[in-house]
1. Check the range 70-86 and report whether any residue there is over 24 Å from ILE241 (Cα atoms), touching a residue at least 60 places away in the same chain (Cβ under 8 Å) and touching a helix residue (DSSP H, G or I) at 6+ places or on another chain (Cβ under 8 Å).
2. Can you work out which of the residues in the range 312-335 that are under 18 Å from the mean Cα position of the chain (by Cα) and either part of a strand (DSSP E or B) or small (Gly, Ala, Ser) (or both) is surrounded by the fewest Cβ atoms within 10 Å (Cβ to Cβ)?
3. Of the residues LEU238, LEU173, LEU207, LEU234, which single one is buried (at least 20 other Cβ atoms within 10 Å of the Cβ), in contact (Cβ under 8 Å) with a residue 12 or more places away in the chain, more than 18 Å from the chain's Cα centre (by Cα) and closer than 18 Å to ALA34 by Cβ?
4. Checking THR163 against (1) open to solvent by 30 Å² or more (accessible area, probe 1.4 Å); (2) touching a Lys or Arg at 6+ places or on another chain (Cβ under 9 Å); (3) under 28 Å from PHE33 (Cβ atoms), which test does it fail?
5. Test LYS8 against the criterion of being touching a Ser or Thr at 6+ places or on another chain (Cβ under 9 Å) and open to solvent by 60 Å² or more (accessible area, probe 1.4 Å), and give yes or no.
6. Kindly list, by first and then second residue, each pair from a residue in the range 1-19 that is more than 24 Å from ALA128 (Cα to Cα) to a residue that is buried (at least 16 other Cβ atoms within 10 Å of the Cβ) and small (Gly, Ala, Ser), limited to pairs with Cβ atoms under 8 Å and residues at least 6 apart or on different chains.
7. Of everything in the range 67-91, what is under 18 Å from the mean Cα position of the chain (by Cα) and either open to solvent by 80 Å² or more (accessible area, probe 1.4 Å) or over 30 Å from LYS130 (Cβ atoms) (or both)? Give them in sequence order.
8. Kindly evaluate TRP303 against the criterion of being touching a helix residue (DSSP H, G or I) at 6+ places or on another chain (Cβ under 6 Å), closer than 25 Å to ASN227 by Cβ, open to solvent by 30 Å² or more (accessible area, probe 1.4 Å) and not aliphatic (A, V, I, L, M).
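The values are calculated or read from the model by the stated rules, or taken from the named source; none is laboratory data. What you see is a predicted model; the values in this text were computed from it and never measured. Neighbour counts run over all protein chains shown; Cβ positions are idealised from the backbone, glycine included. Ligands, DNA and RNA are excluded from the accessible area calculation, which covers all protein heavy atoms including side chains. Shrake-Rupley method; radii C 1.70, N 1.55, O 1.52, S 1.80 Å.
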Amino acid sequence: MNNEERKKRLQIHAGRLRLVIDTDAKNEVDDQFAIAWALKSPERFQVEAVYAAPFSHECFKHIQASDEEIEKSAELIGQAQGPGDGMRQSYDEIRRVFDLLHMDYADRIYYGSDRYIGADGEPVVSDAAKDLIRRAKASEELLYVAAIGAITNIASAILMDPTIVEKIVVIWLAGQPLEFGHGIEFNMMQDVKASQVILDSGVPLVLIPCMNVASSITVSEQELRDNLAGKNELCDYLYSIVAGAFCDEEAEKAYMKVDRGGYLLGREDYSEEYLQEFPTGHISWSRIIWDISVIAFLKNPNWVLSKFESAPILRDDLRYERDDDRASVRVANYCWRNYIFGDLFDKLAR
């Protein structure tokens, strides 16, 4: 399609949207919020399917931090013995959210890829990829894809049937703001090849960067307790999985160092020796609920501001290169945190 048609499809329309969610639900504590929010917003979303995405932590080789710092910071996120194990854990966690909502998940939850797309660029055939192709071609109405994990399932579906780029709109939480010059971030760096497929495919794409954009969607333990605890079975579970993460000060300090060597690479020019002269200090606890940014964008574009940019070229070392002749993508640049949590808490607590 030409750029004008692509831009037209990236103007998210009002009314009810056909939606599938692609999620590494067991990796963190945020996917569960995104899935539940979408399922509890039937006035906006017809959630047709949820796909289990692979995850693992082999990708941290891209982070400029010590093995000890990476291992300590990993205490704040999920653990998986390879991408296939992460995908299966995610499948089980998706089922848990449906169970907590007392919703039928027959023909709505699908196993995704058990590995990443390799250097040969061949798709990984999975139930999720095949279902996405089927649903994309089942209707003239656009199918929106909320992607909140490694993009392997979606990229594989496009490789298996490139015509679906005419039928879908992908909203993906991944990478960093384009001015950072790199896409060092968990979802993007797990499967660089799949990320390149998406950015090169011309599919209508909304890219929601992590730092300085989704990272603003933070919540405190007290706020979660006041708004969720005791409301219902689902809310109690969501509160418990996040509250359990407000605990390890050493892990949080390691997480900061890992971020500075990866997600925030190039954001400062201080020497490590200079920074060590200043104590870290006490921590006022909060947790980023990253993945709800994608659902927030689809629910109300007033809540997640964005602009058209040329799709970046993603190099194998995760550097961005810019070319104004590339297809236009929509890139988010700000999240209205208060509006997002206001609607989220209202829907979940009902």
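1. Our first condition is that a residue be over 24 Å from ILE241 (Cα atoms); within the range 70-86, this holds for none.
Taking every residue of the range 70-86 in turn, none turns out to be over 24 Å from ILE241 (Cα atoms), touching a residue at least 60 places away in the same chain (Cβ under 8 Å) and touching a helix residue (DSSP H, G or I) at 6+ places or on another chain (Cβ under 8 Å).
2. Of everything passing the filter in the range 312-335, TYR334 is surrounded by the fewest Cβ atoms within 10 Å (Cβ to Cβ).
3. Numbers: LEU238 fails: more than 18 Å from the chain's Cα centre (by Cα); LEU173 fails: more than 18 Å from the chain's Cα centre (by Cα); LEU207 fails: more than 18 Å from the chain's Cα centre (by Cα).
Answer to the selection: LEU234.
4. Unmet for THR163, out of (1) open to solvent by 30 Å² or more (accessible area, probe 1.4 Å); (2) touching a Lys or Arg at 6+ places or on another chain (Cβ under 9 Å); (3) under 28 Å from PHE33 (Cβ atoms): (3).
5. Numbers: touching a Ser or Thr at 6+ places or on another chain (Cβ under 9 Å): no; open to solvent by 60 Å² or more (accessible area, probe 1.4 Å): yes.
No; evaluated as a whole, the condition is false for this residue.
6. Pairs that qualify, where the first residue is more than 24 Å from ALA128 (Cα to Cα) and the partner is buried (at least 16 other Cβ atoms within 10 Å of the Cβ) and small (Gly, Ala, Ser), are MET1/GLY202; ASN3/ALA327; ASN3/SER328; ARG6/GLY202; ARG6/ALA327; ARG6/SER328; LYS7/SER328.
7. ALA74, LEU76, GLN79, ARG88
8. On the way: touching a helix residue (DSSP H, G or I) at 6+ places or on another chain (Cβ under 6 Å): yes; closer than 25 Å to ASN227 by Cβ: yes; open to solvent by 30 Å² or more (accessible area, probe 1.4 Å): yes; not aliphatic (A, V, I, L, M): yes.
Criteria met by TRP303.
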